[in-house]
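The values are calculated or read from the model by the stated rules, or taken from the named source; none is laboratory data. As the structure is a computational prediction, the values presented were derived from the model and not from experiment. In this analysis, Cβ positions are derived from the backbone assuming ideal geometry, glycine residues included, and neighbour counts consider all displayed protein chains. The accessibility values were calculated without ligands, DNA or RNA, using every heavy atom of the protein model including side chains. Shrake-Rupley method; radii C 1.70, N 1.55, O 1.52, S 1.80 Å.
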Amino acid sequence: MTKSFARGLAALSLLAACCGQAFGFGAVGHNTVGEIAAQLIKGHRAEAEVKRILGPVSLRDIAVWDDCVKGIDTGNDFKYAVTGRFAECAVFENNAEEEARMRDYVKRNFEQCEPKPGEESCNKQYHYANVAIQRGRYVPGSIGTSDHDLVPALKAAILVLKTGKQTPPMDFNERDALALVVHAIGDMHQPLHMGSLYLDADGKPYDPDTQGADAQTHTVGANAITLPKPDGTPGGNLHSYWDGMPGRLSAEQLAAMPALAKDVPPATGNPDGWPVLWASESLLGARDAFDGMSFGARQQSLRGPRWMATPPAGYDARSLEQTRLNVIKGGARLAQMLEGIWPDKSDTADKK
């Protein structure tokens, strides 16, 4: 093992160890996406509508709400069970009104989608899809999609904000819907929330859509892919590694993002099609996230099948840069979506 590769493994292992409990895209990623959008919508109708719905809560803070509600214990009278564990959730903790909102949301979105054995509650499934990277684009009905994965959940939330209409099995009020839009667009720009690698017993890529669905091949968005420690023993998982990436960006990089987001090309076409367009782009990003990796034979654990990954040289720097660009795009696209939901009056008049 070369010294440079050993250092790379050490960096991967350190991040996986520190971020094993990280929320999707990490608090830093979600907070930054929200803050970028808040800066870009200033002076527009969208800013006023967001303020009307959220009151004193900022876009930066509401960006993590959909992860904070995972702290509701559905087996204990829907009580919030992780007070003090996640600093980013402090704004919603020790507040009876906010806890009531979280409880109510989870009660309405807990099992309405009729989770299959082994699946997470419905509200947790709104955060991701597990489309095989061979697809290259988001195709409804393909393995890893559902009528309540990240894409339809985002579309349902947008519909609530635009028309007030619901899309069962999702059940959102206006505040829920805004929180989900802000969070889901962030999750969509973490590529392993969209694309998943399926592997056979020998660690070779498997295509479930052409070879047949097989739970033993599912890496669950890389949660079942283990990164090695420098000594070669198992460390954390690849999904958590990517979730934690925004937290490794420097303060200077994060501060520069609102200005850089202004240069992100505006989305074109009907805004109703943007979620699928962005999801498909994220799937291509998932291909990049797995590019150059090799995998060992499947091992069984108490949590199901696992594979050990060997990352290529330079993987750490490559992934960090991919994340930096994705956070910028996520913030810019959130702003574009909010302005698409609530266009300025002049924009509306121009379209008549």
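All conditions but one from (1) surrounded by fewer than 19 Cβ atoms within 10 Å (Cβ to Cβ); (2) assigned to a strand (DSSP E or B) apply to Ala309; the one that does not is (1). Residues of segment 227-260 that are in a helix (DSSP H, G or I) and among the polar types (S, T, N, Q): Ser240, Gln253.
When Gly144 is tested against the conditions (1) under 20 Å from Cys122 (Cα atoms); (2) open to solvent by less than 10 Å² (accessible area, probe 1.4 Å); (3) touching a strand residue (DSSP E or B) at 6+ places or on another chain (Cβ under 8 Å), the lone failure is (2). Of all the criteria given as (1) open to solvent by less than 30 Å² (accessible area, probe 1.4 Å); (2) within 29 Å of Gly330 (Cα to Cα), the one not satisfied by Asp171 is (1).
Summed over segment 266-299, residues that are of a type outside the set (Asp, Glu) and in a loop (DSSP other than H, G, I, E, B) total 10.
Are any residues in segment 34-53 surrounded by 19 or more Cβ atoms within 10 Å (Cβ to Cβ) and under 21 Å from Glu98 (Cβ atoms), and if so, which ones? If the condition is that a residue be surrounded by 19 or more Cβ atoms within 10 Å (Cβ to Cβ) and under 21 Å from Glu98 (Cβ atoms), then Gly34, Glu35, Ala38, Val50 are the ones that fit.
Per-residue answers, yes or no, for (1) free of Cβ contacts under 8 Å to residues at least 60 places away in the same chain; (2) surrounded by 12 or more Cβ atoms within 10 Å (Cβ to Cβ):
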site: Pro228; (1), (2): no, yes
site: Thr233; (1), (2): yes, no
site: Ser240; (1), (2): no, yes
site: Ala256; (1), (2): yes, yes
site: Val264; (1), (2): no, yes
site: Asn270; (1), (2): yes, no
site: Trp274; (1), (2): no, yes
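Helices (runs of 4 or more DSSP H) fully within segment 80-173 that include at least 2 residues being over 21 Å from the mean Cα position of the chain (by Cα): 96-108, 150-163.
In segment 55-109, of all residues being small (Gly, Ala, Ser) and touching a strand residue (DSSP E or B) at 6+ places or on another chain (Cβ under 8 Å), the one that is most open to solvent (accessible area, probe 1.4 Å) corresponds to Ala81.
Can you find, within segment 199-226, the residue that is modelled with the highest pLDDT among those that are part of a loop (DSSP other than H, G, I, E, B), open to solvent by 40 Å² or more (accessible area, probe 1.4 Å) and of a type in the set (A, V, I, L, M)? The selected residue is Ala201.
So that you can scan it fast, the table gives a plain yes or no per residue for (1) among the acidic types (Asp, Glu); (2) out of contact with any helix residue (DSSP H, G or I) (no Cβ under 6 Å at 6 or more places or on another chain); (3) farther than 17 Å from Leu180 by Cβ:
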| position | (1), (2), (3) |
| --- | --- |
| Gly55 | no, yes, yes |
| Asp61 | yes, no, no |
| Arg85 | no, yes, yes |
| Cys89 | no, no, no |
| Asn94 | no, yes, yes |
| Ser121 | no, yes, no |
